Amino acid sequence: MRKYVIMGVQGSGKSSQSEMLAGGLDLVHISVGDIFRWNVQNHTKMGAQVRRAMAAGELVSDDLAESVVRARLAEHDWNYGFIIDGFPRNRRQAEFFLESYDIDAVIHLDLPDSEVRRRVLARRLCARCGMDYNLIANSPAVPGTCDACGGELTTREDDTEKALEVRLRDYHEKTDPVLDLFRRKEYIITVDARPPKQQVQQDIRKRLGLPPAPGGN
Ligand code: AMP
């Protein structure tokens, strides 16, 4: 059983790296942001509560984020473990997490703010199947159209310059101290998130003492 947390600023590749790691190790990938986005898209009561904060790039309340994590982990569909992405994002959430669950490692994807701006503002998402694109490194064959399903590519509502500045500020003010907390407990591995994603994945696995991903270098 392996229990990992993945942390990194927006656009650092948390979601892709979590998927790649989870796929090979049979871990469940739990993305708190995806759970909130699903609720917004499906017009649930929770969606209505979080929509405005999310669009502005602000964090939603700790109570709500904690209850989402608690409920998701209580499903116990993670026989081989989990990788949780987007949580904890501040000291209170970190304390809640450490009190409730033991973790094997925190993977910290390190990316300078200048690169974050470049990546996030180029990020696109298929409105139909959810496939991720990036107009710099991974653009679709036909502009504005998903290669996989032909759906329309859209921009995440919070991928605007204004919302990004709020998220970057929050990250440095609130999430950096969480990294310090984990560093003191020696859980953390820091990986450079600038190289191509396959290389970042191999670095993560090497640092965690895991076998390389199949087909990797
Ligand atoms: P993400 O996809 O991780 O960038 O999350 C998207 C948005 O969901 C964030 O900007 C917040 O509004 C909200 N969110 C995700 N995780 C948390 C969390 N742990 N605490 C509070 N808000 C969160």
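Give me the one-decimal nm value for the distance between modelled label points at ASP176 and HIS43, 7 Å along each residue's Cα-to-Cβ direction.
Once both label points are built, they end up 4.2 nm from each other.
Roughly speaking, to the nearest percent, how much of region 125-197's 1.4 Å accessible area is carbon and sulfur?
On the way: 2190 of 4330 Å².
Answer for region 125-197: carbon and sulfur cover 51 percent of the accessible area.
Which entries in LYS14/LYS162; LYS3/LYS206; LYS3/LYS162; LYS162/LYS185 show an alpha-carbon gap greater than 28 Å? Before the final figure, lay out each step's value.
Values: LYS14/LYS162 21 Å; LYS3/LYS206 16 Å; LYS3/LYS162 34 Å; LYS162/LYS185 35 Å.
Cα-Cα > 28 Å for LYS3/LYS162; LYS162/LYS185; rest within.
Using alpha-carbon positions, what is the distance between the centroids of region 141-177 and region 36-107, in Å?
Going from one Cα centre to the other spans 18 Å.
By DSSP, what percent of the beta bridges with both residues in the chain are antiparallel, rounded to the nearest 5? Working shown, then result.
Details: 7 of 26 bridges.
For the chain, the DSSP antiparallel bridge percentage is about 25.
Output the relative contact order of region 124-205, whole-number percent, from Cα pairs under 8 angstrom with separation of 6+ residues. Please list the in-between numbers first.
Numbers: 56 pairs, mean separation 15.5, N = 82.
Relative contact order, region 124-205: 19 percent.
For HIS76 and LEU208, what is the calculated FRET efficiency with R₀ set at 30 Å and r taken between the beta-carbons, to the nearest 0.05? Don't skip to the end; give the middle numbers.
Working: r = 23 Å, r/R0 = 0.78.
With a Förster radius of 30 Å, E is 0.80.
In nm, to one decimal, how far is the ALA148 label point from the ARG52 one, both placed 7 Å along Cα→Cβ?
3.4
Roughly how big is the chain's charge dipole about its Cα centre, with Cβ charges of +1 (Lys, Arg) and -1 (Asp, Glu), in debye to the nearest 20?
200
Using only helices, what value at 222 nm comes out for the chain when you add -39,500 (n - 2.57) per DSSP H run of length 4 or more and divide by the total residues, to the nearest 500 deg cm²/dmol?
Numbers: 9 runs with 95 residues, N = 217.
Per the formula, -13000 deg cm²/dmol.
Taking the simple approach of a point 7 Å from Cα along Cα-to-Cβ for both MET1 and GLU157, what is their distance in nm?
Taking the simple label geometry, MET1 and GLU157 are separated by 3.7 nm.
Toward the positive end of the charge dipole of the chain, about the Cα centre and with charges on Cβ (Lys, Arg +1; Asp, Glu -1), which of PRO211, MET1, LEU27 goes farthest?
Of PRO211, MET1, LEU27, it is PRO211.
Give the whole-number value, in cubic angstrom per residue, of the convex hull volume spanned by the C-alpha atoms of region 170-217. Could the numbers behind the result be given before it?
Details: hull volume 3.8 nm³, N = 48.
Spread over its residues, the Cα hull of region 170-217 gives 79 Å³ apiece.
Quick one, what does Rg over Rh come out to for the chain if you take C-alpha atoms and the Kirkwood Rh? Mind showing how you got there, number by number?
On the way: Rg = 16.8 Å, Rh = 18.0 Å.
The Rg/Rh ratio comes out at 0.94.
Using only alpha carbons, build the gyration tensor for region 111-156 and give me the equivalent ellipsoid semi-axes, biggest first, whole Å.
For region 111-156, the semi-axes come out at 21, 10, 7 Å.
Between ALA141 and GLN198, what FRET efficiency comes out of the Förster formula 1/(1 + (r/R0)^6) with R0 = 22 Å and r the beta carbon distance, rounded to 0.05? Before the final figure, lay out each step's value.
Numbers: r = 21 Å, r/R0 = 0.95.
That gives a FRET efficiency of 0.60.
Given contacts defined as C-alpha pairs under 8 Å and at least six residues apart, what's the relative contact order of region 165-217, whole-number percent? The partial results should precede the final answer.
Values: 22 pairs, mean separation 11.3, N = 53.
Worked out over region 165-217, it gives 21 percent.
Cross-link candidates for LYS45: which aspartates and glutamates have Cα within less than 14 Å, leaving aside residues fewer than 8 places away along the same chain?
none
I'd like to compare 7-20, 79-92: which one has the highest average count of other Cβ atoms within 10 Å, and what's the full order after that? If you can, show how the numbers build up before the last one.
On the way: 7-20: 22.7, 79-92: 19.5.
Ranking the peptides 7-20, 79-92 by packing returns 7-20, 79-92.
Taking every DSSP beta bridge with both residues inside region 100-217, roughly what % is antiparallel (nearest 5)? Mind showing how you got there, number by number?
On the way: 7 of 12 bridges.
Once the DSSP bridges in region 100-217 are tallied, antiparallel ones form about 60 percent.
Quick one: Cα convex hull volume of region 152-197, Å³ per residue? Write out the running numbers ahead of the final one.
Details: hull volume 5.6 nm³, N = 46.
Spelled out: Cα convex hull of region 152-197, divided by residues, is 122 Å³.
Reported to two decimal places, what Rg/Rh ratio describes region 105-209 when computed on Cα atoms with Rh from the Kirkwood expression?
Working: Rg = 16.2 Å, Rh = 15.7 Å.
We get a ratio of 1.03 for region 105-209.
Where does region 73-116 land on the Kirkwood hydrodynamic radius, alpha-carbon pairs, in angstrom? Please list the in-between numbers first.
Details: mean 1/r = 0.0793 Å⁻¹.
Here the Kirkwood hydrodynamic radius works out to 12.6 Å.
The values are calculated or read from the model by the stated rules, or taken from the named source; none is laboratory data. Computed from a predicted model, the values in this text were never measured in an experiment. Here the Cβ is made from the backbone with ideal geometry for all residues, glycine too, and neighbour counts use every protein chain on show. Surface areas here come from the heavy atoms of the whole protein model, side chains and all, with no ligands, DNA or RNA. Shrake-Rupley method; radii C 1.70, N 1.55, O 1.52, S 1.80 Å.
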